[in-house]
Amino acid sequence: MVLDDLGSSLRGTLDTLQGKSRLSEDDVEEIVKEIQRSLLSADVDVSLVMELSDAIETRALEEEPPGGTTARDHVLKIVYEELVDLVGDSTELPLESQTILLAGLQGSGKTTSAAKMAWWFSKKGLRPAVIQTDTFRPGAYDQAKQMCERAEVEFYGDPDGEDPVQIARDGLEATADADVHIVDTAGRHALEDDLIAEIEAIETAVDPDRSLLVLDAAIGQGAKEQARQFERSIGIEGVVITKLDGTAKGGGALTAVNETDSSIAFLGTGETVQDIERFEPSGFISRLLGMGDLKQLSERVERAMAETGGEDEDWDPEDLLEGSFTLKDMQKQMETMNKMGPLDQVMDMIPGMGGGMMDQLPDDAMDVTQNRMRDFEVAMDSMTDEELENPRIIGQSRVERIVRGSGIEEETVRELLEQHKMMERTISQFQGMGDGDMQRMMKKLEQGGGGGGLGGMMGGGKGPFG
Amino acid sequence: MFDGLKDKLNDFRKDVEETTEKDSDAAADASDATATDAATGTPAADDAADAAATVDATSGPAEESDTDASAADESDPSTFQRAKAFATGRVIIEEEDLEDPLWNLEMALLESDVEMSVAEEILDTVRETMLGETRKQVETTGELVEEALHDALLDVIAVGQFDFEERIAEADKPVTIVFTGVNGVGKTTSIAKLSEWLADRGYSSVLANGDTYRAGANEQIREHADRLDRKLISHEQGGDPAAVIYDGLEYAKANDVDVVLGDTAGRLHTSDDLMSQLEKIDRVVDPDLTLFVDEAVAGQDAVTRAEEFNEAAEIDGTILTKADADSSGGAAISIAYVTGKPILFLGTGQGYDDIERFDPERLVDRLLGADET
Ligand SMILES: Nc1nc2c(ncn2[C@@H]2O[C@H](COP(=O)(O)OP(=O)(O)OP(=O)(O)O)[C@@H](O)[C@H]2O)c(=O)[nH]1
Ligand SMILES: Nc1nc2c(ncn2[C@@H]2O[C@H](COP(=O)(O)OP(=O)(O)OP(=O)(O)O)[C@@H](O)[C@H]2O)c(=O)[nH]1
Ligand SMILES: [Mg+2]
Ligand SMILES: [Mg+2]
């Protein structure tokens with residue numbers, strides 16, 4: 001997702017400072033070089049990188065770390081402040097009547113984003129309409145129309161029209177009843193003078209409340225010049241970054257935000273109309289600060305895995321995503337989690353699970369969870385290998401035997417089997433997926449609350465731990 | 001395209017010349033300095049005194065050079081070598097002389113969207129060439145830099161070039177070409193352009209729309225086909241992409257068409273589902289050529305996706321679109337480098353004629369051309 005790769009590579013750099021309480025000039029120089037590298041490989045504009053790193057270097061050398069602060073935290077804070085200063089809050093979008101003009105390079109994702117944004121506004125209870133003014137690209141009318149059908153929002157276009165300005169005017173009139181007008185335009189780049197003049201004319205006719213620049217996450221150093229030109233001709237109030245479901249880091253958007261003195265409005269994360277998110281600076285901030293520290297988590301996991309794996313050679317965590325998920329796997333998973341440290345600390349390191357989510361849980365949720373896990377372990381110790389490998393064979397008589405053997409209540413043993421089933425179901429859904437598919441899946445889980453996995457373990461009130 | 005890089009490369013050339021000139025001055029200074037040492041009887045200074053004497057005897061510039069000895073580091077052992085080299089009219093380029101100019105060159109390459117690891121490889125080549133060979137040569141530093149850069153860039157960018165037209169001419173007909181790449185880079189438009197390019201050279205083609213996914217995809221390619229008066233094979237949305245292209249091939253066989261141009265839906269390499277669909281298309285259709293399409297405006301990510309697409313359905317070459325929108329062109333260098341496959345065409349606009357054969361030699365010459373400053 002946007003900028004969190006950036007965040008994690010920065011954190012990697014900063015980890016080298018761990019334990020130090022003072023920074024030498026060499027330390028700072030080293031760290032600044034690394035910061036430059038990570039920003040540059042995220043496509044942030046070279047001169048902007050130099051500006052940022054100069055500011056960071058100066059501050060790191062000049063500012064005295066407040067008492068009790070480690071050098072790492074001090075630099076982290078400076079890096080964070082400089083970046084946040086640059087990114088700012090997400091573009092303000094009042095939930096009221098407004099007209100939004102979309103502009104950007106050919107193929108950057110304007111038409112798709114227009115439908116997505118309309119979908120987003122409709123979910124907020126407003127009535128949106130998309131107006132397609134692209135008279136140039138073959139199939140542009142049909143594309144926008146079909147996307148709007150999928151988003152179930154109003155659409156206006158004229159397949160035979162030749163004048164985008166006229167279509168824009170007619171469209172605004174024809175969709176006067178809608179609250180939010182989203183005007184899509186043909187793709188164009190900074191060097192196409194005639195097309196730049198055209199969008200200036202559209203802008204004048206439409207008189208939008210805000211114009212958004214739609215940028216592909218993969219755009220390179222050209223982002224600066226493009227953003228500058230669009231800013232000059234129509235004025236840019238916000239940036240939409242698309243195709244963030246890929247591997248591009250979206251640093252070009254930082255450049256554009258800087259160049260247009262604007263902010264990030266939306267993120268595009270897929271081809272369907274639901275694949276849109278508002279930019280959340282706070283999420284970005286906490287990730288950047290290492291609150292959702294996946295890297296640290298994965299290191300701990302790896303260490304714990306190495307320990308667990310040493311005892312049992314034929315168990316490979318990778319199997320989880322391939323073969324079937326047995327009770328044995330669940331046992332290993334729980335052992336691993338225990339070795340990582342207190343559960344609440346582990347949870348805190350999982351993005352999306354720390355902070356807010358932890359606050360929503362009852363105070364004793366962690367203790368309850370940990371006790372349950374201990375009971376589960378005891379119960380599993382009383383199971384035969386055959387039962388662990390193939391839980392389906394555990395019928396009433398076996399349950400009774402396990403209860404007798406382990407001294408754990410029957411209800412708990414049943415909950416264990418139920419929990420296993422849920423996790424098995426979740427994991428089978430993840431099998432054979434790539435990052436992009438996984439992301440979509442996660443979102444579905446978030447939206448539909450599919451249970452299972454760690455989230456299921458947590459119970460959230462109604463699961464076995466509630 | 002590439003104007004940005006050109007300017008920066010010129011800067012680099014000047015940088016190195018300046019640094020090494022300064023060094024020559026310093027060497028001259030150093031020889032003066034060591035000569036002074038010799039006078040005071042420092043044992044190690046004999047050689048240096050010789051060197052200094054030679055400098056005085058054989059070369060003019062030493063007399064003009066500043067005699068302020070404080071600029072030179074007297075304890076630096078390379079002082080002798082520098083002095084000797086200077087005496088014989090050579091310039092030694094040392095690691096430290098290159099450090100700043102190479103850093104600037106790296107920035108220049110990054111500013112031109114060359115991917116970081118690729119830029120580093122290029123720098124390594126330049127560094128090695130310059131360090132290794134300067135000692136033997138008598139050319140000016142500028143020439144050396146130019147040569148090192150020229151070779152390094154050409155090495156990368158000229159990889160695997162072949163004559164596309166000849167390939168088409170010689171292949172058994174029909175020739176099937178499948179176009180792959182991420183979303184919105186210009187696959188469909190490039191197909192329309194290439195169909196026209198082929199027609200200009202006397203080859204007929206049929207378009208097959210393997211994009212059975214995106215909204216408006218059928219309408220888009222249909223309009224291109226209508227305008228160009230080409231046959232289009234397409235199925236309903238949601239159909240099997242491999243089957244469409246296969247039908248295109250059947251049509252071409254039955255109707256003596258030379259080339260099948262098979263489109264595919266844009267996809268990101270992070271989706272395993274869509275990438276394995278691409279593998280399937282590749283397996284079922286077994287195209288004669290697979291062309292990877294990417295855009296010149298792409299930054300560092302160009303390398304990752306080129307690698308992934310090449311992995312899923314091995315490519316034979318790349319079409320780099322939207323070159324009209326971007327003056328840096330580093331994506332060409334990155335993609336050619338990681339795939340080891342040639343850049344074949346540049347897309348230079350939205351018109352059907354806006355397609356050019358990519359010529360690496362011309363490009364590098366233009367980049368480093370002596371006529372430009
Ligand atoms: N994976 C992914 N694909 C996207 C995203 N946004 C847009 N796309 C795809 O990118 C391609 C181009 O999107 P369009 O919406 O047609 O782009 P555009 O800016 O309207 O293009 P022009 O009108 O030709 O300038 C299409 O294949 C879209 O499906 C995204 O967030 N993720
Ligand atoms: N300026 C410029 N625009 C181009 C070039 N090639 C394609 N385009 C434009 O880029 C946009 C996307 O082109 P498409 O051909 O639809 O791209 P695609 O890769 O087929 O897109 P998907 O099928 O959605 O993945 C269109 O607006 C094209 O007109 C080029 O060389 N220069
Ligand atoms: Mg569009
Ligand atoms: Mg297409």
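List pairs: first residue in segment A:263-274 and within 16 Å of ligand 4 (Cβ to nearest atom), second residue open to solvent by 10 Å² or more (accessible area, probe 1.4 Å) anywhere in the structure, Cβ distance under 8 angstrom, at least six positions apart or on different chains.
Matching pairs, first to second residue: A:E271/A:T112; A:E271/B:N183; A:E271/B:Y213; A:E271/B:R214.
Here's a check for you: in segment B:318-347, which residue that is at positive phi and crowded, with 22+ Cβ neighbours inside 10 Å is nearest to ligand 1 (Cβ to nearest atom)?
Filtering segment B:318-347 for residues at positive phi gives B:322, B:329, B:340.
Narrowing the set further to residues that are crowded, with 22+ Cβ neighbours inside 10 Å leaves B:322, B:329.
Values: B:K322: 10, B:G329: 21 Å.
Filtering first and then ranking leaves B:K322.
Those residues that are in contact with a helix residue (DSSP H, G or I) (Cβ under 7 Å, 6 or more places away or on another chain) and within 16 Å of ligand 2 (Cβ to nearest atom), I need them from segment A:224-245; list them, please. Talk me through it step by step, then tell me what you get.
Residues of segment A:224-245 that are in contact with a helix residue (DSSP H, G or I) (Cβ under 7 Å, 6 or more places away or on another chain), as a first pass: A:224, A:227-229, A:231, A:233-234, A:236, A:239-242, A:245.
Across segment A:224-245, the qualifying residues are A:Q229, A:T242, A:D245.
Provide a single number: the residues in segment A:237-256 that are open to solvent by 10 Å² or more (accessible area, probe 1.4 Å) and more than 12 Å from every other protein chain (Cβ to nearest Cβ).
Matching residues across segment A:237-256 total 1.
Cβ contacts < 7 Å: first residue under 15 Å from A:V49 (Cα atoms), restricted to segment A:23-37; second residue of a type in the set (D, E), any location; separation 6+ or different chain. Result?
A:V32/A:E57
Being away from ligand 4 (no atom under 12 Å from the Cβ), among the small types (G, A, S) and touching a strand residue (DSSP E or B) at 6+ places or on another chain (Cβ under 6 Å) is true for just one of B:G239, B:G248. Which residue is that? If you could, list the steps in order and put the result at the bottom.
On the way: B:G239 fails: touching a strand residue (DSSP E or B) at 6+ places or on another chain (Cβ under 6 Å).
Sole residue among the options that is away from ligand 4 (no atom under 12 Å from the Cβ), among the small types (G, A, S) and touching a strand residue (DSSP E or B) at 6+ places or on another chain (Cβ under 6 Å): B:G248.
Restricting to segment A:121-137, and then to whatever is within 13 Å of ligand 1 (Cβ to nearest atom) and not in a strand (DSSP E or B), can you tell me which residue is most open to solvent (accessible area, probe 1.4 Å)?
The initial filter retains those residues of segment A:121-137 that are within 13 Å of ligand 1 (Cβ to nearest atom), namely A:130, A:132-137.
From what is left, the residues that are not in a strand (DSSP E or B) are A:133-137.
Numbers: A:T133: 2, A:D134: 20, A:T135: 55, A:F136: 110, A:R137: 72 Å².
By that ranking, first place goes to A:F136.
Can you pull out every residue in segment A:99-120 that is open to solvent by 10 Å² or more (accessible area, probe 1.4 Å) and in contact with a Pro (Cβ under 9 Å, 6 or more places away or on another chain)?
A:T99, A:W119, A:W120
B:D163: surrounded by fewer than 20 Cβ atoms within 10 Å (Cβ to Cβ), within 14 Å of chain A (Cβ to nearest Cβ) and free of Cβ contacts under 8 Å to residues at least 60 places away in the same chain, yes or no?
Working: surrounded by fewer than 20 Cβ atoms within 10 Å (Cβ to Cβ): yes; within 14 Å of chain A (Cβ to nearest Cβ): no; free of Cβ contacts under 8 Å to residues at least 60 places away in the same chain: yes.
Taking the combined requirement at face value, the residue does not satisfy it.
Quick test for you: out of B:T176, B:T180, pick the one residue that is farther than 30 Å from B:V126 by Cα, away from ligand 1 (no atom under 16 Å from the Cβ) and either away from chain A (no Cβ under 14 Å) or among the hydrophobic types (A, V, I, L, M, F, W, C) (or both). Before you say what the answer is, go through the steps one by one.
Numbers: B:T180 fails: away from ligand 1 (no atom under 16 Å from the Cβ).
Selected residue: B:T176, the only one of B:T176, B:T180 that is farther than 30 Å from B:V126 by Cα, away from ligand 1 (no atom under 16 Å from the Cβ) and either away from chain A (no Cβ under 14 Å) or among the hydrophobic types (A, V, I, L, M, F, W, C) (or both).
Take segment B:131-183 and flag every residue that is out of contact with any helix residue (DSSP H, G or I) (no Cβ under 9 Å at 6 or more places or on another chain), modelled with pLDDT of 70 or more and over 15 Å from B:F345 (Cα atoms).
Hits for segment B:131-183 are B:A169, B:E170, B:A171, B:D172.
Okay, residues lined up against (1) without any contact (Cβ under 8 Å) to a residue 12 or more places away in the chain; (2) away from chain B (no Cβ under 14 Å); (3) within 16 Å of ligand 3 (Cβ to nearest atom):
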| residue | (1), (2), (3) |
| --- | --- |
| A:R150 | no, no, yes |
| A:P159 | no, no, yes |
| A:E173 | yes, yes, no |
| A:I182 | no, yes, yes |
| A:E192 | yes, no, yes |
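Is it the case that B:A158 is aliphatic (A, V, I, L, M), under 21 Å from B:V284 (Cα atoms) and away from chain A (no Cβ under 14 Å)?
On the way: aliphatic (A, V, I, L, M): yes; under 21 Å from B:V284 (Cα atoms): no; away from chain A (no Cβ under 14 Å): yes.
No.
Out of the residues in segment A:86-98 that are part of a loop (DSSP other than H, G, I, E, B) and open to solvent by 20 Å² or more (accessible area, probe 1.4 Å), which is nearest to ligand 4 (Cβ to nearest atom)?
Keep residues of segment A:86-98 that are part of a loop (DSSP other than H, G, I, E, B), which gives A:88-97.
Narrowing the set further to residues that are open to solvent by 20 Å² or more (accessible area, probe 1.4 Å) leaves A:88-90, A:92, A:94-97.
Values: A:G88: 35, A:D89: 36, A:S90: 31, A:E92: 35, A:P94: 36, A:L95: 35, A:E96: 37, A:S97: 35 Å.
Among those residues, the one meeting the criterion is A:S90.
Taking the residues in segment A:39-72 that are in a loop (DSSP other than H, G, I, E, B), at pLDDT below 85 and within 27 Å of the chain's Cα centre (by Cα) as candidates, determine which candidate is nearest to the other protein chains (Cβ to nearest Cβ). Give the steps one after another, and end with the answer.
Taking segment A:39-72 first, the residues in a loop (DSSP other than H, G, I, E, B) are A:41-45, A:63-70.
Filter once more, so that each one left must be at pLDDT below 85: A:41-42, A:63-70.
Checking the rest, the ones that are also within 27 Å of the chain's Cα centre (by Cα) come to A:41-42.
Working: A:S41: 5, A:A42: 7 Å.
Out of the qualifying residues, it is A:S41.
The values are calculated or read from the model by the stated rules, or taken from the named source; none is laboratory data. Note that the structure is a prediction, hence the values are computed from the model and not measured. Ideal geometry is used to build each Cβ from the backbone, glycine not excepted, and the neighbour counts take in all protein chains shown. Calculation scope for accessible area: heavy atoms of the full protein, side chains included, ligands and nucleic acids excluded. Shrake-Rupley method; radii C 1.70, N 1.55, O 1.52, S 1.80 Å.
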